[in-house]
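Working notes, structure below.
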Amino acid sequence: MSDLIFYTNPQSRGAIVHWMLEELGEDYDMRVIEYGEQMKGPEYLAVNPMGKVPAIQHKGAVVTEVAAICTYLAAAFPEKELIPAAGDPALADFYRWMFFAAGPVEQAVSVKSMGWEVTQEQSRTLGFGNFDDVYKALELALAGGPWVCGEQFTAADVYLGSQIFWGVQFNMLDKREAFTAYIERISARPAARKVMSLA
């Protein structure tokens, strides 16, 4: 039995963490949690009181929230080089774009998926501002490529790449050239292909 437990459901954001785990190449136990009674039941609520997946348990410590899980795993296994080393200027890019994806990108995609209109006045109070601001920032994140941290593929690419992949696929983000080229690069990774083949 592994000291890394992965709680997920195939029809969830757990696919992002699954990809991250495959990039790590470490042993893990996967536990599929069914929506409804099991996910909202006392046993799983003891893991995540939100009653949502994914979550991981590593050496007894619980981590929830996809960006946090990806960041934690990258830091817990530094030898896998999925996070820039301390002191490397690229670490700033890692944190900047990881949490940009978790904040403004996630919010923008959610607002668009709900069909909510955002006025110019409202955009001043929203974390993502407006859609054009998000697109410009994402293009900036990808400009130094091929990856968010330059030549080094990291957990930030797993998370941001997943956000862009799903956003474009479901028409929540524009199909801009920088996005489609990035999707091609991430989709070519063996770990990503493996997880996509299971979907």
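The values are calculated or read from the model by the stated rules, or taken from the named source; none is laboratory data. Here the structure is a predicted model, which is why all the values come from computation and not from measurement. Calculation scope for accessible area: heavy atoms of the full protein, side chains included, ligands and nucleic acids excluded. Shrake-Rupley method; radii C 1.70, N 1.55, O 1.52, S 1.80 Å.
Estimated at the nearest 10 Å², the accessible area of ARG13 is 130 Å² with a 1.4 Å probe. Only Cα sites of the chain enter the Debye sum here, all with the same form factor; the resulting log10 I(q)/I(0) across q = 0.07, 0.09, 0.12 1/Å is -0.21, -0.35, -0.62, listed in q order.
Think of a 1.4 Å ball rolled over the protein heavy atoms: the range 4-52 then has 54 Å² of accessible area per residue.
Take the residue pairs LYS40/LYS80; LYS52/LYS175; LYS52/LYS136; LYS52/LYS194; LYS112/LYS175; LYS112/LYS136 and return only those whose Cα atoms are more than 26 Å apart. Long pairs (Cα-Cα over 26 Å): LYS40/LYS80; LYS52/LYS175; LYS52/LYS136. Which shape class applies to the range 12-61: rounded if a/c is under 1.5, otherwise prolate when a/b exceeds b/c and oblate if not, where a ≥ b ≥ c are the square roots of the Cα gyration tensor eigenvalues? Prolate shape, in that a/c is at least 1.5 and a/b is the bigger ratio. Largest to smallest in accessible area, the residues SER113, SER162 fall in the order SER113, SER162 (1.4 Å probe, all protein chains included). Average accessible surface for the range 104-176: 50 Å² per residue, computed with a 1.4 Å probe over protein heavy atoms with every protein chain in place. Please report the antiparallel percentage of DSSP beta bridges with both residues in the chain, rounded to the nearest 5. Bridges in the chain that DSSP calls antiparallel: roughly 70 percent. With helices as the sole contributors, the chain gives -14000 deg cm²/dmol at 222 nm; each DSSP H run of n ≥ 4 counts as -39500 (n - 2.57), and the sum is divided by every residue. Rolling a 1.4 Å probe over the protein chains gives MET50 an accessible area of about 120 Å².
With a 1.4 Å probe rolled over the protein heavy atoms of all chains, the accessible area of TRP19, TRP116 falls in the order TRP116, TRP19, largest first. Taking Cα centroids, how far is the range 179-199 from the range 1-72 in Å? Cα centres, the range 179-199 to the range 1-72: 21 Å. Each of VAL62, VAL148 has its accessible area taken with a 1.4 Å probe; listed largest first, they run VAL62, VAL148.
Working note: Cα atoms of the range 39-106, range along each principal axis, descending, whole Å: 44, 30, 13. Shown for the range 3-145: the carbon plus sulfur share of the solvent-accessible area, taken with all protein chains present and a 1.4 angstrom probe, equals 54%. Under Stokes-Einstein, with the Kirkwood radius over Cα pairs as Rh, the value for the range 78-150 at 20 °C and 1.002 mPa s is 157 µm²/s.
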